[in-house]
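J.: I have a structure here, written as structure tokens, and I will follow up with some questions on it.
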Amino acid sequence: MTTQVRIEVSRKTFPASANGLPLTVLAGLSLTLDAGEFVCLVGPSGCGKSTLLNIVAGLDRSFEGSVEFGDSTEPHRVGHVFQEPRLLPWRTVRQNIELALPAEDADTDLVDHLLDVMELSAFQHQYPERLSLGMSRRVALVRAFAIKPTLLIMDEPFVSLDAPIARRIREQLVRVWHERPHTVLFVTHDLREAIALADRLAFLCAPPARVVAEVQVDLPRDDRGRESAIEALRKRLIADHPDVARLV
Amino acid sequence: MRPERWYPFAALVLLVASWHAAALWATSPLLPTPVQVLKVFVVEVAEGGLLYHLGITMARLAVSFVLAMTIGGTLGVMLGRYRHLDRFFDIWLTLFLNIPALVTIILCYVWLGLSEAAAITAVVINKVPSVVVTLREGTRALDTDLLEMARAYRFGRWKTLRHVIWPQLLPFIMAASRTGLALIWKIILVVELLGRSNGMGYQLQLFFQMFDVSAILAYTFAFVIVVQTVEFFVFKPLDLRSRRWRR
């Protein structure tokens, strides 16, 4: 099960804080994710990417516009990977994952499989405080995949990891995604990471943010393990889209 | 075994020995020896007087403790959660925190009569404000990131309460319970002394009038044993359990 997502945000404003004016973060933003498509959202930090993700996930309903899933406006099952792992420290790895499973469709075999792919099986009865950051982030990925999401939302899930570890987890991510494709909205400020993962890139500008450019990534998935191929595409992309170059 | 393990034991022996020496030197009924106190303790236990009064006090303690924790906990969570409520009632809290315990006790007896209800009410009113303050802090400290995660994964009310909120409040509940018990122990004796005809406080008053220091010390001894038993068999295990996930 996978779904198309049509996002229209005509305006999202945060109310005035004690010492300032109301802040318009998003305006005139329009983005459609095709069913089963992996879309990377790229933009400068502080441009409202996390705000947009919260709107798409249905966590934030105070905005002008609409988010439509397939043929309804109710969010389907959404897997959410936050910037920090956000695991419950007083529950084990396994409990953290199983707590998120929907009651009507709890698939513990899938949990076993995902833990295995992410090399976490040996740690499933540990408490999160004993894990490294890389491992905690993998647990958060397993939790998101285990609920069999129709839409997977990821908010810079590999930030502050060493490059080799981040790369390894990216490979694992692509592997589990291929096993059971679903629509993905992935936020990053790292253009190389975006190229390595995405079918399509969507660029956001500084606030009030909207989608200023969309670029199809035509690099075959088999070539994406090679840094040189990614770097070549990145250079071409910046040459072709000078407006985008300013944003990243 | 490392020598430090013996320190508490040695310190206790030193205390009893100094007491004994002082009693021998004073040779007065106003400072009995440890052995004399122990004899009185055994007699009081055997004849049932001590156990009866201790039991009455324990029952009052249990009832007022449960009431104070429930009422104070509920109010604390509400004040921690709703900012306007907190702003509005903050002055009440400050006021109640600063009313001397003795005043509350006297007023409760004056307004409600010398009854069991008045005694319990007095203890509860003394304890509730500090529970409110502790649980208000705990509620304010709740991790909003985890609450958002629970919402994203549709935990629902019950799951969120049990797995996200309760474990975060537990250390604050433990802290409120421990300080609460210590406070109630002390207040309840005054309550009994002023307006009840049974319980530890009442007995201590009788012994005071008869200048029976041995009995006063024997009752104190019983008291300390009970407090330490509760601490050791209830609070320590609960505390360990609530912390086992920590590194």
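J.: Could you please let me know if A:Asp105 is more than 30 Å from A:Ala209 (Cα to Cα) and more than 14 Å from every other protein chain (Cβ to nearest Cβ)?
T.: no
J.: Testing A:Lys148 on (1) surrounded by fewer than 19 Cβ atoms within 10 Å (Cβ to Cβ); (2) within 14 Å of chain B (Cβ to nearest Cβ); (3) not in a loop (DSSP other than H, G, I, E, B), one condition comes back false. Which one is that?
T.: It fails just one condition, (3).
J.: Please find, among B:Lys127, B:Lys159, the residue that is in contact with a helix residue (DSSP H, G or I) (Cβ under 8 Å, 6 or more places away or on another chain), within 14 Å of chain A (Cβ to nearest Cβ), among the basic types (Lys, Arg) and assigned to a helix (DSSP H, G or I).
T.: On the way: B:Lys127 fails: within 14 Å of chain A (Cβ to nearest Cβ).
Result: B:Lys159 is the single residue among B:Lys127, B:Lys159 that is in contact with a helix residue (DSSP H, G or I) (Cβ under 8 Å, 6 or more places away or on another chain), within 14 Å of chain A (Cβ to nearest Cβ), among the basic types (Lys, Arg) and assigned to a helix (DSSP H, G or I).
J.: Going residue by residue through the stretch B:184-204, is there one that turns out to be farther than 30 Å from B:Pro34 by Cβ, within 14 Å of chain A (Cβ to nearest Cβ) and part of a helix (DSSP H, G or I)?
T.: Within the stretch B:184-204, not a single residue is farther than 30 Å from B:Pro34 by Cβ, within 14 Å of chain A (Cβ to nearest Cβ) and part of a helix (DSSP H, G or I).
J.: Which residues, counting only those in the stretch B:130-156, are within 14 Å of chain A (Cβ to nearest Cβ), of a type in the set (Lys, Arg) and in a helix (DSSP H, G or I)?
T.: Once the filter is applied, which keeps residues that are within 14 Å of chain A (Cβ to nearest Cβ), of a type in the set (Lys, Arg) and in a helix (DSSP H, G or I), the stretch B:130-156 yields only B:Arg151.
J.: Now for a separate question. Tell me whether the stretch A:115-135 contains one or more residues that are outside any loop (DSSP other than H, G, I, E, B), touching a residue at least 24 places away in the same chain (Cβ under 8 Å), more than 30 Å from A:Gly28 (Cβ to Cβ) and within 12 Å of another protein chain (Cβ to nearest Cβ).
T.: Yes; the residues of the stretch A:115-135 include at least one that is outside any loop (DSSP other than H, G, I, E, B), touching a residue at least 24 places away in the same chain (Cβ under 8 Å), more than 30 Å from A:Gly28 (Cβ to Cβ) and within 12 Å of another protein chain (Cβ to nearest Cβ).
Yes/no per residue for (1) more than 24 Å from B:Trp19 (Cβ to Cβ); (2) among the basic types (Lys, Arg); (3) surrounded by fewer than 16 Cβ atoms within 10 Å (Cβ to Cβ):
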{"site": "B:Val190", "(1), (2), (3)": "yes, no, no"}
{"site": "B:Ser197", "(1), (2), (3)": "yes, no, yes"}
{"site": "B:Met200", "(1), (2), (3)": "no, no, no"}
{"site": "B:Phe207", "(1), (2), (3)": "no, no, no"}
{"site": "B:Ile216", "(1), (2), (3)": "no, no, no"}
{"site": "B:Phe223", "(1), (2), (3)": "no, no, no"}
{"site": "B:Pro237", "(1), (2), (3)": "yes, no, yes"}
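J.: Counting just the residues of the stretch A:48-62 that are among the charged types (D, E, K, R) and out of contact with any strand residue (DSSP E or B) (no Cβ under 7 Å at 6 or more places or on another chain), which one comes out nearest to the other protein chains (Cβ to nearest Cβ)?
T.: Ranking the qualifying residues of the stretch A:48-62, first place goes to A:Asp60.
J.: Six or more apart or on different chains, Cβ under 9 Å: which pairs go from a residue in the stretch A:1-22 that's aromatic (Phe, Trp, Tyr) to one that's assigned to a loop (DSSP other than H, G, I, E, B)? Could you list them?
T.: A:Phe14/A:Pro22
J.: So is B:Ser242 within 14 Å of chain A (Cβ to nearest Cβ) and of a type in the set (Ser, Thr, Tyr) or not?
T.: yes
J.: If I go through the stretch B:1-44 residue by residue, how many of them are without any contact (Cβ under 8 Å) to a residue 40 or more places away in the chain and not in a helix (DSSP H, G or I)?
T.: Total satisfying the criteria: 5.
J.: May I pose another question? What are the pairs, 6+ residues apart or on separate chains, where a residue within the stretch A:66-94 that is at the interface with chain B (Cβ under 9 Å from one of its Cβ atoms) and on the phi > 0 side of the Ramachandran plot has its Cβ under 6 Å from a residue that is modelled with pLDDT of 90 or more and part of a loop (DSSP other than H, G, I, E, B)?
T.: If the second residue must be modelled with pLDDT of 90 or more and part of a loop (DSSP other than H, G, I, E, B), no pairs are left.
The values are calculated or read from the model by the stated rules, or taken from the named source; none is laboratory data. The structure presented is a predicted model; accordingly, all values stated were derived computationally and were not measured. Heads up, the Cβs are rebuilt from the backbone with ideal geometry, glycines too, and the neighbour counts pull from every protein chain shown.
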